[in-house]
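Asker: The structure's right below; bear with me while I get my questions together.
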Amino acid sequence: MRAQTPEPKLSTDQKVNGLSQILRLEKTEVSGGAQLLTVHARLIGLEPDKDEAEQWVPLVSILRDTLGDPNRENDRLRYVWPLTYTTPTLKQRFAAAIPFFYTRIGNKNKGSHQPPPPALDLAAPEQEVWNKLFWAALQNMLLDPYGMAIKASTSTYRKNTSDYRKSHIIRALSVLTLYQAMKGESAFTESEMAEIQSRLLLTDKTFGGLVDDTKLQSFYARTATQTKDARGHNWELLRQRAEAESLYFEPLLMPDGSATHAMLWVSKNDLIRKQGSSGYSGRFLNISNPWTDNRLKKWEGYEETRYLDADGQPIAADAPGAQAIEMIPLALYGLDNPKIPMLLVDFRDTYNPKKREMSRRVLNDVTRNILSVSKYSSMPIFLGRTVLDFVTGRRGIDLNQPSRLQTYSQLKLLLALNDSLGPELRDEVNGRLENVSLNPFENDLDFEAKVAREQYAALKSFASDPNGLAAKVERDRRAELTSLEHGNRAQIFFRVANVLTFGKYVHREERTPDMEDRLDVARRLDYHTTFLRMVAKSSVEVEIGWNLDDIRRSLDFIAAHGDKAGGAAVSATGKLFERTRDNELRQLCLESLTRITNNKARKELIKISQNQNVDQFWRNVAETNLKRRDEQTQQPIAATVTGSPLRIGQPQ
């Protein structure tokens with residue numbers, strides 16, 4: 001437990017056993033061909049005295065539209081419900097619109113018996129982008145000219161609304177990350193989990209909803225690496241500072257073994273030994289000098305007795321050489337911030353973290369809402385903000401730093417899932433943590449567990465009602481048909497109408513007997529096209545980094561439905577032809593381009609046949625296929641393309 005303590009590592013078996021005991025998934029069938037997938041967590045830290053059955057709380061639900069068949073290629077992930085995310089009360093809404101009112105006002109008076117609002121529609125992430133742009137334009141052009149009061153009030157309300165949604169998305173993401181770490185058969189494929197987690201992460205970006213599906217897996221991998229690096233950096237930074245100041249460093253682990261937070265302690269013996277010492281540096285720690293603090297001499301708060309060996313490592317009380325040391329907690333930090341450890345709890349000064357969290361928010365609110373200036377409005381302001389950001393970031397000053405929202409939300413989850421903290425310490429940490437929140441929409445942990453159960457019961461009732469979730473799924477399918485019935489111009493018009501009506505107008509086609517069959521083909525085409533685009537864009541060699549059977553199957557399907565394949569399928573197939581050296585794959589690429597009926601495929605065949613860098617044999621094959629394609633276009637034959645695999649011979 002001394003500052004020199006290395007980062008603890010949990011074995012794979014420890015992680016699996018720990019996660020399987022606190023996480024489980026429930027699958028609820030929805031009539032019409034859909035599934036409601038819900039991750040439950042056993043909140044052993046939140047309710048340690050209750051029976052095991054009463055400790056399970058539903059936290060995240062995700063709707064998967066399966067079209068009623070077991071084929072995963074035509075599944076479409078739809079809504080994500082963080083079940084602790086609830087509609088605020090009128091009182092909370094009023095408080096959230098008060099400028100510079102940076103505090104919670106308590107919980108909702110009553111629980112919720114209505115289905116929770118979805119935080120994200122995974123099938124239409126671009127809708128978030130248009131809504132953000134629309135509200136930003138509405139704020140600047142319509143509301144801001146009415147004066148400072150209206151401007152400040154509406155801006156504050158939108159900020160609080162966004163942060164409240166973001167905090168619950170972060171918690172949902174953390175729960176799904178823990179579920180992903182569980183071994184055994186998962187309810188989600190690897191690509192589905194990457195899509196869910198990436199889309200949730202991208203909600204924090206203005207144009208995140210426009211990120212291409214082929215980039216989601218690489219984005220998530222890159223973000224996970226950056227988070228791991230930030231945690232490691234802040235771990236070492238905090239550990240070294242604790243060692244230099246003779247403090248005790250203790251990591252707090254999530255159930256999967258990742259260290260997301262850490263605590264600093266001081267021993268009473270050291271307080272006596274170093275009493276009055278002025279050689280203390282609070283850099284990166286951002287708490288006052290414990291050696292000159294008279295409050296610690298007469299400490300009446302929480303304290304623990306720990307047993308350490310001669311090297312300062314924790315051991316059992318009855319172990320040989322165990323020394324009893326009385327410890328006082330000083331502070332709790334989050335390790336996810338990209339620059340410095342973020343102070344979340346100061347056990348001697350409750351409002352120390354809050355003041356630091358407010359510093360950036362106050363600066364932004366004053367310049368934006370009161371002075372009506374931005375960072376880029378003038379050179380002096382730009383230079384001033386740049387210098388301030390540089391100094392606070394490089395010097396380890398916990399002021400004007402990015403929001404604690406992420407690490408705050410993760411700590412609330414850690415407190416609920418982890419019983420390593422004693423009940424008394426957990427309650428004290430939880431109470432002080434709630435004071436850090438600047439958002440009137442936030443509720444405490446106990447109420448969130450209650451509202452999660454109530455909202456999940458309402459959601460399951462909604463799912464079992466034929467006029468509830470099943471009807472919503474059918475309406476979504478009819479809206480999905482729009483892209484199959486209308487061109488780009490019409491779709492743009494429908495999207496603009498949806499934004500201008502605040503989402504009230506959604507264009508839907510009439511239901512037809514073959515709706516599911518058409519959606520099945522369209523979704524599978526999208527699945528195989530996306531896969532081929534990922535292969536074509538990857539940096540590794542096709543024959544080494546990818547399963548060739550999967551590539552052949554995708555090319556077969558696109559060729560079999562060439563009359564419905566789009567331009568993206570043509571581009572992916574053409575790029576794949578350039579990259580692969582496998583003769584069978586090249587032959588399949590050319591055959592797919594031949595069977596795709598749009599004009600872009602014809603141009604791609606012409607491009608290959610005239611490319612001097614392509615071997616003459618393949619140029620001849622492309623030219624032959626082009627002639628065959630033109631003949632088939634001019635004189636359609638009675639035979640139709642079926643979904644059977646192509647039988648392509650190898651070139652001699």
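The values are calculated or read from the model by the stated rules, or taken from the named source; none is laboratory data. The structure displayed is predicted, hence computed values, not measured ones. Note that we place each Cβ from the backbone using ideal geometry, even for glycine, and neighbour counts take in every protein chain shown.
Asker: Taking ILE558 as the residue in question, decide whether it is under 38 Å from the mean Cα position of the chain (by Cα), more than 15 Å from ARG533 (Cα to Cα) and of a type in the set (Val, Ile, Thr). Quick ask: steps written out before the conclusion?
Answerer: On the way: under 38 Å from the mean Cα position of the chain (by Cα): yes; more than 15 Å from ARG533 (Cα to Cα): no; of a type in the set (Val, Ile, Thr): yes.
No; evaluated as a whole, the condition is false for this residue.
Asker: Just checking: which of the helices (runs of 4 or more DSSP H) contained wholly in the range 403-486 hold 3 or more residues that are in contact with a His (Cβ under 9 Å, 6 or more places away or on another chain)? Walk me through how you get there before you give the answer.
Answerer: Working: elements: 405-417, 423-434, 445-464, 469-480, 482-485.
Filter on the range 403-486 gives 405-417, 445-464.
Asker: For the range 426-474, give me the residue count where each residue is farther than 30 Å from ARG78 by Cα and either surrounded by fewer than 17 Cβ atoms within 10 Å (Cβ to Cβ) or not aliphatic (A, V, I, L, M) (or both). Let's see the steps before the verdict.
Answerer: Initial filter on the range 426-474 (farther than 30 Å from ARG78 by Cα): 426-438.
If we keep only those that are either surrounded by fewer than 17 Cβ atoms within 10 Å (Cβ to Cβ) or not aliphatic (A, V, I, L, M) (or both) too, we end up with 426-428, 430-432, 434-435, 437.
Number of matching residues: 9.
Asker: Quick check, is GLY276 in the same structural domain as LEU335 (by TED's automatic domain parsing), exposed (fewer than 13 other Cβ atoms within 10 Å of the Cβ) and not β-branched (Val, Ile, Thr)?
Answerer: Numbers: in the same structural domain as LEU335 (by TED's automatic domain parsing): yes; exposed (fewer than 13 other Cβ atoms within 10 Å of the Cβ): yes; not β-branched (Val, Ile, Thr): yes.
Taking the combined requirement at face value, the residue satisfies it.
Asker: Just one of PRO99, PRO116 is part of a loop (DSSP other than H, G, I, E, B) and closer than 30 Å to LEU459 by Cα; which is it? Reasoning before the result, please.
Answerer: Working: PRO99 fails: closer than 30 Å to LEU459 by Cα.
Testing whether each residue is part of a loop (DSSP other than H, G, I, E, B) and closer than 30 Å to LEU459 by Cα leaves just PRO116.
Asker: When you scan the range 610-617, do you find a residue that is assigned to a helix (DSSP H, G or I) and either hydroxyl-bearing (Ser, Thr, Tyr) or over 23 Å from SER218 (Cβ atoms) (or both), even just one?
Answerer: Taking the range 610-617 as the starting set, the residues that turn out to be assigned to a helix (DSSP H, G or I) are 616-617.
Still in the running and either hydroxyl-bearing (Ser, Thr, Tyr) or over 23 Å from SER218 (Cβ atoms) (or both): 616-617.
The answer is yes; a qualifying residue exists.
Asker: Check every one of the helices (runs of 4 or more DSSP H) wholly within the range 542-589 and list those with 2 or more residues that are crowded, with 21+ Cβ neighbours inside 10 Å. Before the answer, list the steps.
Answerer: On the way: elements: 542-545, 548-560, 567-579.
In the range 542-589, the matching helices (runs of 4 or more DSSP H) lie at 548-560, 567-579.
Asker: Please go through the range 290-317 and pick out each residue that is of a type outside the set (Ser, Thr, Tyr), outside any loop (DSSP other than H, G, I, E, B) and surrounded by 13 or more Cβ atoms within 10 Å (Cβ to Cβ). Explain how you work it out, then say what you get.
Answerer: Of all residues in the range 290-317, those of a type outside the set (Ser, Thr, Tyr) come to 290-291, 293-301, 303-304, 306, 308-317.
Still in the running and outside any loop (DSSP other than H, G, I, E, B): 290-291, 294-297, 304, 306, 308, 314.
Passing the criteria: PRO290, TRP291, ARG295, LEU296, GLU304, ARG306, LEU308, PRO314.
Asker: Give the number of residues within the range 254-270 that are touching a helix residue (DSSP H, G or I) at 6+ places or on another chain (Cβ under 8 Å) and part of a strand (DSSP E or B).
Answerer: 6
The rows are residues; the columns are (1) on the phi < 0 side of the Ramachandran plot; (2) buried (at least 16 other Cβ atoms within 10 Å of the Cβ); (3) of a type in the set (Phe, Trp, Tyr).
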site	(1), (2), (3)
TYR85	yes, yes, yes
ALA97	yes, yes, no
ASN109	yes, no, no
ALA119	yes, yes, no
ASP144	yes, yes, no
SER155	yes, yes, no
LYS166	yes, yes, no
ILE170	yes, yes, no
LYS183	yes, no, no
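Asker: Any residue in the range 569-583 that's more than 14 Å from GLU543 (Cα to Cα): show its pairings with residues that are outside any helix (DSSP H, G or I) and of a type in the set (A, V, I, L, M) at Cβ separation under 7 Å, as long as the two are six or more apart or on different chains.
Answerer: ALA569/ILE596; VAL570/ILE596
Asker: Return the residues of the range 327-354 that are part of a strand (DSSP E or B) and within 10 Å of ASP398 (Cβ to Cβ); say none if nothing qualifies.
Answerer: Pass one, the range 327-354, residues part of a strand (DSSP E or B): 327-334, 342-346.
Passing the criteria: TYR333, MET342, LEU343.
Asker: Please verify whether VAL387 is exposed (fewer than 15 other Cβ atoms within 10 Å of the Cβ), of a type in the set (A, V, I, L, M, F, W, C) and over 30 Å from GLU516 (Cα atoms), treating the condition exactly as stated. Give the derivation first.
Answerer: On the way: exposed (fewer than 15 other Cβ atoms within 10 Å of the Cβ): yes; of a type in the set (A, V, I, L, M, F, W, C): yes; over 30 Å from GLU516 (Cα atoms): yes.
Yes: the conditions hold for VAL387.
Asker: Could you go through the range 529-542 and let me know if any residue there is closer than 24 Å to THR633 by Cβ, among the polar types (S, T, N, Q) and in contact (Cβ under 8 Å) with a residue 12 or more places away in the chain.
Answerer: Here is the first cut: in the range 529-542, the ones closer than 24 Å to THR633 by Cβ are 529, 532.
Next, only the ones that are among the polar types (S, T, N, Q) stay: 529.
Next, from what is left, pick out any that are in contact (Cβ under 8 Å) with a residue 12 or more places away in the chain: 529.
Within the range 529-542, one or more residues are closer than 24 Å to THR633 by Cβ, among the polar types (S, T, N, Q) and in contact (Cβ under 8 Å) with a residue 12 or more places away in the chain.
Asker: Can you tell which of SER258, SER186 is more than 18 Å from the chain's Cα centre (by Cα) and without any contact (Cβ under 8 Å) to a residue 60 or more places away in the chain? Write out each step before concluding.
Answerer: Numbers: SER258 fails: more than 18 Å from the chain's Cα centre (by Cα).
So the residue among SER258, SER186 that is more than 18 Å from the chain's Cα centre (by Cα) and without any contact (Cβ under 8 Å) to a residue 60 or more places away in the chain is SER186.
Asker: Here is a check on your reading of the model: is PHE502 surrounded by fewer than 17 Cβ atoms within 10 Å (Cβ to Cβ), under 27 Å from the mean Cα position of the chain (by Cα) and not assigned by TED's automatic domain parsing to the domain that holds LEU67?
Answerer: yes
Asker: While we're looking at this one, here's another question. Condition check: at positive phi and among the aliphatic types (A, V, I, L, M). Does LEU67 satisfy that? Give the steps one after another, and end with the answer.
Answerer: Details: at positive phi: yes; among the aliphatic types (A, V, I, L, M): yes.
The answer is yes for LEU67.
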